[in-house]
Amino acid sequence: MTDAEPAPERLYRHTVPVRLAHWINVACLSILVMSGLQIFNAHPALYWGERSDPDRTLLSIEAVGSDDATPVGLTTVFGRTFDTTGVLGVSTDSAGRIHSRGFPSWVTLPGPQWLAMGRRWHFFAAWIFVVNGTLFATYSLAGRHLWRDLLPSWRELRGLGKSVVDHLRFRHPTGDAAGRYNGPQKLAYLGVIFGLGPLIVWTGLAMSPRMDAAFPWLSDVWGGRQSARTVHFTACVLFIGYVAVHVVMVAATGLWNNLRSMVSGWYRLPPPDPGGTR
Amino acid sequence: MIDRRRLLIQGLAAVGLGVLAGCDALSGDARVVRLLERAEQASRRAQRFLSSRTAMAKEFTAADLSSIFPANGTVNPVNPAYKALAERGFADWALKVGGLVERPRSFSLADLRRLPARTQITRHDCVEGWSAIGQWMGPQLSTVLGVVRPLPRARYVVFFCADADEAGATYYESLDLEEAVHPQTILAYEMNGGPLPIPHGAPLRLRVERQLGYKMAKYLMRIELRDSLTLIEGGRGGYWEDQGYEWYAGI
């Protein structure tokens, strides 16, 4: 820290509620995804409609025994079958034992096949996820977070194409522009907060027989309970995809700076790039 | 600076690994399990608050019936007493209804068939994730309870079954009175227009259409009204509940 360069500008970027909600979400989503895959493993197939007719699967993961007694993991998606031995259908646990199961033990919670405990974790984390998400959405709507930080301007919407291309080239805003969320970033956050989040809760509730009795439209909108289950799973995959892109972007735009700002709130503006993108 | 940075990243990594890997160890800790189980009460209260007591599960038409209806759990009890009953077509079978009731009595299949019956085509949602649509027929549980007259102290209806698992634990289930007197809660002796098949719980099974499949006890032998569940078997209100599943299976 004895460098002669001018001290970079610091910015108080994330308020306490935003930081708190973010890290609660990290924990909840991890538990929800892993316990969700545990629950999925109890019946590793997806369907459309009300019923789960065994001859009409959209996706199925199975273990098929072979002559030498080593099973093969087969994943069938829209009628096309792939050998996924080692990951889907057949996988080894941390002790090296071979198991016939949908998703491998290293992505499920608990690791071994244990549906009852998977459900306990799932619904516990789901409650915190829903309360946390509701409080965060209320805070964003009632406070300034949504209007000041999340809603894109017309200019940002018009520049969306260019901004996406810049992202793909890993050319990121610097200087003052780096202190704000950019267009694609805002849309991604809005989509997750007000789209994907509510969608995954909705389709989760649509699978509940009691909720489905009281509010049949919960599952009717999707064409039935098994459709809702498929949408729930798809939303989970989209969540994983969102997190993957998010983490890559966090790493690409200054891992330490970004992490610190989500912990302490303080963000150091990257100095303006003379040949910058803005 | 570098140290703080390393500390933070290591801290986050440790928290992450702690959450992901440690959860396995936590699943064996009784205090943690008790904490997780609180979610069940939250779900039960919230669902009862949000939905009416009498909200009816969706009913379907004959065109919606599953061509194959999976049978789960026990599909053919090995209990010799049950086998003897099955060989005689359940002619000697009778459902004993007792406990905290004014007039305990037994119902033969013929007795049950004389009671007004309800027919419903409903979707069976298994805790594993699959769903199948079937048609069920039998008297409403409320009708049977009306005959034996529960005492005011009675809070739960407990169902005892003919089957046991390999370790010898008998299957049983329980409902509170609210779910027990719901119009779609029936004692089914018919499935898809024929006598209830043995894999599906012959001669009589419970249908509780607003909860998951494991609540719908098969091979019914005895029903008792009780004021508490703690003294029965594992004390958690059912065979599956004793294995860690939720007593409230509305979600």
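Annotations
- Only residues that are in a loop (DSSP other than H, G, I, E, B) and aromatic (Phe, Trp, Tyr) were counted across segment B:61-84, and they come to 1.
- Set A:Ala188, A:Ala95: member being open to solvent by 30 Å² or more (accessible area, probe 1.4 Å) and not assigned by TED's automatic domain parsing to the domain that holds A:Ala251: A:Ala95
- Checking each residue in segment B:205-220 for being surrounded by fewer than 23 Cβ atoms within 10 Å (Cβ to Cβ) and under 18 Å from B:Asp92 (Cα atoms) picks out only B:Arg205.
For every residue, the table says whether it meets (1) at pLDDT 95 or above; (2) assigned to a loop (DSSP other than H, G, I, E, B); (3) of a type in the set (Val, Ile, Thr); (4) over 21 Å from B:Arg236 (Cα atoms).
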| residue | (1), (2), (3), (4) |
| --- | --- |
| B:Gln41 | yes, no, no, no |
| B:Arg53 | no, yes, no, yes |
| B:Leu112 | yes, no, no, yes |
| B:Arg123 | yes, no, no, yes |
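So that you can scan it fast, the table gives a plain yes or no per residue for (1) touching a Leu at 6+ places or on another chain (Cβ under 7 Å); (2) among the β-branched types (Val, Ile, Thr); (3) open to solvent by 40 Å² or more (accessible area, probe 1.4 Å); (4) within 14 Å of another protein chain (Cβ to nearest Cβ):
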site	(1), (2), (3), (4)
A:Pro112	no, no, yes, yes
A:Glu156	no, no, no, no
A:Asp166	no, no, no, no
A:Leu199	no, no, yes, no
A:Asp212	yes, no, no, yes
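- Odd one out for A:Gly224 among (1) within 10 Å of chain B (Cβ to nearest Cβ); (2) touching a residue at least 60 places away in the same chain (Cβ under 8 Å); (3) more than 28 Å from A:Ser60 (Cβ to Cβ): (3)
- Within segment A:84-95, residues that are in contact (Cβ under 8 Å) with a residue 24 or more places away in the chain and at positive phi reach partners that are open to solvent by 40 Å² or more (accessible area, probe 1.4 Å) and among the β-branched types (Val, Ile, Thr) with beta carbons closer than 9 Å, at six or more positions or on different chains, in the pairs A:Gly89/A:Val64; A:Gly89/A:Val72.
- Some residue of segment B:223-230 being over 17 Å from B:Asp165 (Cα atoms) and without any contact (Cβ under 8 Å) to a residue 12 or more places away in the chain: yes
- First in segment B:30-49 and more than 9 Å from chain A (Cβ to nearest Cβ), second anywhere and of a type outside the set (Phe, Trp, Tyr), Cβ under 6 Å, 6 or more apart: B:Val32/B:Leu26
- Residue check for A:Ser140: away from chain B (no Cβ under 14 Å), free of Cβ contacts under 8 Å to residues at least 60 places away in the same chain and under 30 Å from B:Glu40 (Cα atoms): yes
- Evaluation of B:Phe160 against the conditions (1) more than 14 Å from chain A (Cβ to nearest Cβ); (2) touching a residue at least 60 places away in the same chain (Cβ under 8 Å); (3) open to solvent by 10 Å² or more (accessible area, probe 1.4 Å); (4) within 23 Å of B:Arg44 (Cβ to Cβ) shows that the sole unmet condition is (4).
- Of all the criteria given as (1) open to solvent by 40 Å² or more (accessible area, probe 1.4 Å); (2) among the hydroxyl-bearing types (Ser, Thr, Tyr); (3) in contact with a Gly (Cβ under 8 Å, 6 or more places away or on another chain); (4) closer than 27 Å to B:Arg34 by Cβ, the one not satisfied by A:Thr134 is (3).
The values are calculated or read from the model by the stated rules, or taken from the named source; none is laboratory data. Nothing here was measured: the structure is a model prediction, and the numbers come from that model. Please note: Cβ atoms are built from the backbone with ideal geometry, for glycine as well, and neighbour counts cover all protein chains shown. The protein model used for the area step is the full one, side chains on, heavy atoms only, and it has no ligands, DNA or RNA in it. Shrake-Rupley method; radii C 1.70, N 1.55, O 1.52, S 1.80 Å.
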